[in-house]
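Q: Below you'll find the structure I mean.
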Amino acid sequence: MKRNILSVVFILCCLLPTTAQSLSKTDSLQIEIAQLENALANIQTDLQEKTLQYNWEITEKYIEYCKKLYKITNFNREPRLVQLATTIKPEELEPQRLAYEKAKKELEALLTSYPEYITLDSLYKRATNTEQKKDRKVALDGFYQRIYNEDKTYRPLLEKKRKALKEHYIACASYLLNECKRNREVVPEIYDYKTARILKETEPKLRQLSIEISTLESLQRETIRRYQRLKYNLKED
């Protein structure tokens, strides 16, 4: 009986190191997986923050860029800007909106004093296809060019409208930026690709943020790859 007990004890002693070693490998793997999960969470947090910083910074630089432009032509590019200008109408933006509406009405009053304008504008608005609209726009543009040179009252009113539109656009863009900052949201792209590229190439801070974002994205992809291989026990290629 004593001999049998000793045999069992001997067998257990032989098995214990193997079992302990097996548990150790499992625990080590789980620890490494947990570390990668934590690293991924940290990378994602940093990436989101850098993306917000880049987005806000490029929007600020774009607004500064707009202030130097002669006129603004892309007001309708972003629906949220249109909503601010025409539907929501925040109280803070009322001075700029009313100034633009006034300048627009003054110019329209001058234009409608010309019977030719009324006819050409009506024909343009009633165009039924692209080709017809294109032809009628040429005629309308010709009228604008003629009175620009002949009517001394037209040019100041046109400049006043352009300036008012520009100031209203910039006010709306600034309001949208501040709103997104308060809510920690990405500002919709109110700039085109070409302008964004120019700003990125000429602004050191934007270049640096762009590099940091690219680095974090690469690190995120690599960490995900390592995490998936460990979690699912995949072999390296």
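Q: Could you list, in sequence order, all residues of segment 42-59 that are closer than 27 Å to Lys161 by Cα and surrounded by fewer than 16 Cβ atoms within 10 Å (Cβ to Cβ)?
A: Once the filter is applied, which keeps residues that are closer than 27 Å to Lys161 by Cα and surrounded by fewer than 16 Cβ atoms within 10 Å (Cβ to Cβ), segment 42-59 yields nothing.
Q: Could you identify the single residue in Ile72, Ile63 that is within 30 Å of Glu159 (Cβ to Cβ) and modelled with pLDDT of 95 or more?
A: Sole residue among the options that is within 30 Å of Glu159 (Cβ to Cβ) and modelled with pLDDT of 95 or more: Ile63.
Q: Go through (1) of a type in the set (A, V, I, L, M, F, W, C); (2) more than 28 Å from Gln83 (Cβ to Cβ); (3) assigned to a loop (DSSP other than H, G, I, E, B) one by one and return the number of the condition Ile118 breaks.
A: (3)
Q: Evaluate segment 139-158: report whether one residue or more is in contact with a Cys (Cβ under 6 Å, 6 or more places away or on another chain), touching a residue at least 40 places away in the same chain (Cβ under 8 Å), of a type in the set (A, V, I, L, M) and farther than 23 Å from Leu47 by Cβ.
A: Scanning segment 139-158, I find no residue that is in contact with a Cys (Cβ under 6 Å, 6 or more places away or on another chain), touching a residue at least 40 places away in the same chain (Cβ under 8 Å), of a type in the set (A, V, I, L, M) and farther than 23 Å from Leu47 by Cβ, so the answer is no.
Q: Shifting gears a bit: Which of the following residues is over 30 Å from Gln83 (Cα atoms), touching a helix residue (DSSP H, G or I) at 6+ places or on another chain (Cβ under 6 Å) and modelled with pLDDT of 90 or more: Gln208, Gln220? Step through it out loud before you land on a result.
A: Details: Gln208 fails: touching a helix residue (DSSP H, G or I) at 6+ places or on another chain (Cβ under 6 Å).
Selected residue: Gln220, the only one of Gln208, Gln220 that is over 30 Å from Gln83 (Cα atoms), touching a helix residue (DSSP H, G or I) at 6+ places or on another chain (Cβ under 6 Å) and modelled with pLDDT of 90 or more.
Q: Quick one: is Leu165 aliphatic (A, V, I, L, M), over 30 Å from Gln96 (Cβ atoms) and over 17 Å from the mean Cα position of the chain (by Cα)?
A: For Leu165, the condition - aliphatic (A, V, I, L, M), over 30 Å from Gln96 (Cβ atoms) and over 17 Å from the mean Cα position of the chain (by Cα) - is not met.
Q: Criterion first (under 30 Å from Glu91 (Cα atoms), of a type outside the set (D, E, K, R) and open to solvent by 40 Å² or more (accessible area, probe 1.4 Å)) does Val138 satisfy it?
A: So Val138 does not fit the description; no.
Q: Suppose we keep only residues that are hydrophobic (A, V, I, L, M, F, W, C), open to solvent by less than 50 Å² (accessible area, probe 1.4 Å) and modelled with pLDDT of 95 or more within segment 167-195. Which one would you say is farthest from Leu69 (Cα to Cα)?
A: For segment 167-195, the residue satisfying everything is Cys180.
Q: Looking only at segment 68-92, which residues are in contact with a Lys or Arg (Cβ under 8 Å, 6 or more places away or on another chain) and open to solvent by 70 Å² or more (accessible area, probe 1.4 Å)?
A: Tyr70, Lys71, Lys89
Q: I need the full set of residues from segment 188-210 which are assigned to a helix (DSSP H, G or I) and more than 12 Å from Tyr54 (Cβ to Cβ), in order please. Talk me through it step by step, then tell me what you get.
A: In the first step, residues of segment 188-210 are kept if they are assigned to a helix (DSSP H, G or I); the result is 193-202, 204-210.
Matches in segment 188-210: Tyr193, Lys194, Thr195, Arg197, Ile198, Glu201, Thr202, Pro204.
The values are calculated or read from the model by the stated rules, or taken from the named source; none is laboratory data. This structure is a prediction, so every number in the text was calculated from the model and none was measured. All Cβ positions, glycine included, derive from the backbone under ideal geometry; neighbour counts span all protein chains shown. Just the protein is used for accessible areas: all its heavy atoms, side chains included, with ligands, DNA and RNA removed. Shrake-Rupley method; radii C 1.70, N 1.55, O 1.52, S 1.80 Å.
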